[in-house]
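Since the structure comes first, as structure tokens, the remarks are kept for the end.
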Amino acid sequence: MKTKIIGIRDSIVGVKVIDPRGNPHLVEIDVDDEKKEDLHAQESYPYNESERTDREEQIMNQVRARARFEAHRNTEYDILHSGWDPAQLRRGIDALENMSLNEFDEAFREYYHALINPERTKDEYGITEGTVEFPGEPEVVLIMKGFCINDDNEVVSILPDMYVYYSNEHAEKNYTTGTPASCSDDTTQITPMLPPFKLPDDFIYPEDFRGFMIHNLICQIRDVYWNMGEDPPAAYDIDGFGKGTGNFDYEEYNY
């Protein structure tokens, strides 16, 4: 998409975006109130979301994401959360690569065991058939584990809890459990998110698990670009699990 910062006034950043169909959009971002919904003006699609096709709604969401990315990258304002900023995710990759194997093992051993033994994870987090909001046996589908890095791309702390997504074929959505946590203001939070997996025969811990986490962060960078209707840089255009959800369809990209 073509984008342009058209002005900044009273902490409002205006961004013009031309969508893939050649239609213009104006997005205004209030940088002082991150909870305020962005103003999105356009004359090409129905005003009401319920009247738009799935593709039209996807384009609208991608336009907003692209506008926020442009404003984050080309103004003095810090608009994107670190998990949606490719530069910060790249720093997270560097931080993992810079850890010694002993440091990595101590930091992420719990995360590793949670992923290879989801039944134990369900027990630890109280995810049982009698406690969930839907019928049938629940299954762990995704586990997130955050860590904090400093300005030198060093891992300085590991967030104490994991965030677990669970569901099954009877559930209409994924449910979550765990305690959300965040890093201090002087550090940056990076959050790998991986589905449970079975150990390949040639798997070597901790080296290969670090590779799994780095691969996920690379795929998250890819998904940031997909989320705003852009092709990712070649280095990040790879197969694999990234964000899991966004303004895109995995099947569209044949992954």
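The values are calculated or read from the model by the stated rules, or taken from the named source; none is laboratory data. None of these values were measured; they are calculated from a predicted model. Note that we place each Cβ from the backbone using ideal geometry, even for glycine, and neighbour counts take in every protein chain shown. Surface accessibility is based on the protein's heavy atoms, side chains included, excluding ligands, DNA and RNA. Shrake-Rupley method; radii C 1.70, N 1.55, O 1.52, S 1.80 Å.
What the table shows:
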read-out	value
Sparsely packed trypsin sites (Lys or Arg not before Pro) within segment 104-179, loop by DSSP, other Cβ within 10 Å at most 16	K173
Listed candidates (i) 16.9, 48; (ii) 19.9, 59; (iii) 19.8, 71 - label of the one calculated as Rg and Dmax of the Cα atoms in Å	(ii)
Peptide ranges 58-66, 75-83, 36-44 listed from the most packed, as the mean C-beta count within 10 angstrom indicates	58-66, 75-83, 36-44
Unit charges on C-beta of K, R, D, E only; dipole of segment 82-228, Debye	280
19 Å Cα-Cα reach of K2 towards lysines, excluding residues that sit fewer than 8 places from it in its own chain	K16
Exceeding the 28 Å Cα-Cα cut-off - candidates K4/K173; K122/K198; K35/K145; K35/K122; K35/K198; K36/K243	K4/K173; K35/K122; K35/K198
Percent RCO, i.e. relative contact order, over segment 196-255, from Cα pairs under 8 Å lying at least 6 residues apart	30
Lone cysteines, the chain (no partner Cβ under 4.7 Å)	C219
Relative contact order of the chain, defined on C-alpha pairs under 8 angstrom at six or more residues apart (%)	16
Ranking by accessible area, most exposed first, for E172, E207 with a 1.4 Å probe	E172, E207
